[in-house]
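Asker: Quick one: the structure is below, and I'll ask about it shortly.
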């Protein structure tokens, strides 16, 4: 056998041995590995109230229309700023032409501007809303979980989810007759934190306008959860 042939044979053998070694290493890496899932959940209060109010009008003069809408919004903002517990956010503002059905010519303009109020103080926001309904209309009333409350609940759920995962990992290890386990990877996912949902605007409007006392508001709770998905390696 020539030197070149022998070298080629050695190279082929070495490549084959390397491939075998890689395959063995891959098999060993996944040996006695199992995937597990655990979950923790809790009820979290919807502690943020969100009210959307709006003003809408029409006029043949778009400049006068815009001025009237601006005046109404500015008055509402000034009144709302007096209530320190309420956060103000200006919503959308839209203007569009009104056409004659027959000639399709512009006969006027309609404009709408929104004001968004948020607060954890439900009585204060309810009272302010009732007062603002003298000049504005109710767009909707929503409830959500405040950012600080969400973070606190996520921190608590993470600890509970880890504890649940470790308990399940130990249970699986005992069932397989292992001496112990090590965590290969672990991922967390949260579920159930709600987007704000709208309560019936007309019903709430009537409740706020037709009675002098501030109406009671019950936002309720949401069941939220955190799952722990991961892989462990059982040690023999």
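Taken together, the values in this text are just the output of simple stated rules run on the coordinates, not laboratory data. Keep in mind that this is a model prediction, so the values were computed, not measured. Note that we place each Cβ from the backbone using ideal geometry, even for glycine, and neighbour counts take in every protein chain shown.
Asker: Before we move on, is residue 116 within 25 Å of residue 51 (Cα to Cα) and out of contact with any helix residue (DSSP H, G or I) (no Cβ under 7 Å at 6 or more places or on another chain)? Can you show your working first?
Answerer: Numbers: within 25 Å of residue 51 (Cα to Cα): yes; out of contact with any helix residue (DSSP H, G or I) (no Cβ under 7 Å at 6 or more places or on another chain): yes.
So residue 116 fits the description; yes.
Asker: Based on what the data block shows, is residue 135 crowded, with 19+ Cβ neighbours inside 10 Å and in contact with a helix residue (DSSP H, G or I) (Cβ under 7 Å, 6 or more places away or on another chain)? Walk me through how you get there before you give the answer.
Answerer: On the way: crowded, with 19+ Cβ neighbours inside 10 Å: no; in contact with a helix residue (DSSP H, G or I) (Cβ under 7 Å, 6 or more places away or on another chain): yes.
No, not satisfied.
Asker: Counting just the residues of the stretch 67-76 that are out of contact with any strand residue (DSSP E or B) (no Cβ under 9 Å at 6 or more places or on another chain) and closer than 18 Å to residue 52 by Cβ, which one comes out surrounded by the most Cβ atoms within 10 Å (Cβ to Cβ)?
Answerer: So in the stretch 67-76, the residues out of contact with any strand residue (DSSP E or B) (no Cβ under 9 Å at 6 or more places or on another chain) come out as 67, 71, 74-75.
Those still in the list that are closer than 18 Å to residue 52 by Cβ too: 74-75.
Details: 74: 10, 75: 14.
The selected residue is 75.
Asker: Are there any pairs with C-beta distances below 7 angstrom linking a residue in the stretch 68-92 that is under 16 Å from residue 121 (Cβ atoms) to a residue that is surrounded by fewer than 12 Cβ atoms within 10 Å (Cβ to Cβ), with the two at least 6 apart or on different chains, and if so which?
Answerer: The qualifying pairs are 88/81.
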